[in-house]
Each structure stands twice: as structure tokens, then as C-alpha cells.
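Q: I have a structure here, written as C-alpha cells, and I will follow up with some questions on it.
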Amino acid sequence: MQQALGVDERARRNPGLVKDDPYGDGWLFLIAPKDDGWLGLPTGEWGHAWVACERRRLARFVEEELGYAAADGGELVAPAPALLGEDAWRRIVAAFLHAA
């Protein structure tokens, strides 16, 4: 299991940072990978395309597999994590992180 190396106390005191600046001041924690497997992740334009594809795949999964959909057919208004129970989270982890 990976160990957290740091926790962002600013985000703990001001949770809005997570939404307002998720890739800057809104970080949550630092972890150290257990091996060099992360080096195989796509980067650059390929990485951006991969993340976009995974985002679409997650949206489809949330709608088709978990049954959550926006009433107008667009994107969900509430963040998906706020809608999901324990079973749904386990299904997402299994499908996207290849973990049980």
C-alpha cells in the first residue's frame, strides 16, 4: 500500500480550493508510488488525449453501469463522488484502477 507523504492543510481548512484550483493550491495529498509503473503513463498530447478518453469512459460508466444521468442528457450537475455510495465506489475502483 502507498503511504501519504503530505496532506494539504490549506485545502483542509478551505475545501473550496479543491474545486477552484485542483492542480495548484487545491491539491489534497502527496503519495509515493511503490514502483516505477507510473513511468509508463502517457504524457504530452498523448497524455491529454488519454485523460480526455478516460473522463468520457468514466462518465459513460457512471451513467450506464451505475444508473446516474443528467435529466437533460448533459453532464451531471453535482460532482459524481457526492452521488455515489460505497458499492458504486468499489465498482469504479475495480473498473478503473484494476483493484478489488
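Q: Please count how many residues of the range 41-58 are within 17 Å of the chain's Cα centre (by Cα) and either charged (D, E, K, R) or surrounded by fewer than 10 Cβ atoms within 10 Å (Cβ to Cβ) (or both).
A: The total comes to 4.
Q: Only one of these is in the same structural domain as Asp8 (by TED's automatic domain parsing) and at negative phi: Asp72, Asp87, Asp36. Name it.
A: Asp36
Q: Related question: Quick check: anything in the range 34-47 outside any strand (DSSP E or B) and touching a strand residue (DSSP E or B) at 6+ places or on another chain (Cβ under 9 Å)?
A: Looking through the range 34-47, none of the residues is outside any strand (DSSP E or B) and touching a strand residue (DSSP E or B) at 6+ places or on another chain (Cβ under 9 Å).
Q: Return yes or no: is Gly47 small (Gly, Ala, Ser) and not assigned by TED's automatic domain parsing to the domain that holds Leu97? Write out each step before concluding.
A: Numbers: small (Gly, Ala, Ser): yes; not assigned by TED's automatic domain parsing to the domain that holds Leu97: no.
Spelling it out, it is not the case that Gly47 is small (Gly, Ala, Ser) and not assigned by TED's automatic domain parsing to the domain that holds Leu97.
Q: Go through (1) exposed (fewer than 11 other Cβ atoms within 10 Å of the Cβ); (2) outside any loop (DSSP other than H, G, I, E, B) and name the single condition Gly67 misses.
A: (2)
Q: Return the residue satisfying two criteria in turn: it lies in the range 1-40 and is polar (S, T, N, Q) and exposed (fewer than 12 other Cβ atoms within 10 Å of the Cβ), and of such residues it is modelled with the lowest pLDDT.
A: Initial filter on the range 1-40 (polar (S, T, N, Q)): 2-3, 14.
Next, from what is left, pick out any that are exposed (fewer than 12 other Cβ atoms within 10 Å of the Cβ): 2-3.
Details: Gln2: 52, Gln3: 56.
Once the filter is applied, the top-ranked residue is Gln2.
The values are calculated or read from the model by the stated rules, or taken from the named source; none is laboratory data. Source: prediction; values computed, not measured. Neighbour counts are summed over all protein chains in view; Cβ atoms, including those assigned to glycine, are modelled from backbone coordinates with ideal geometry.
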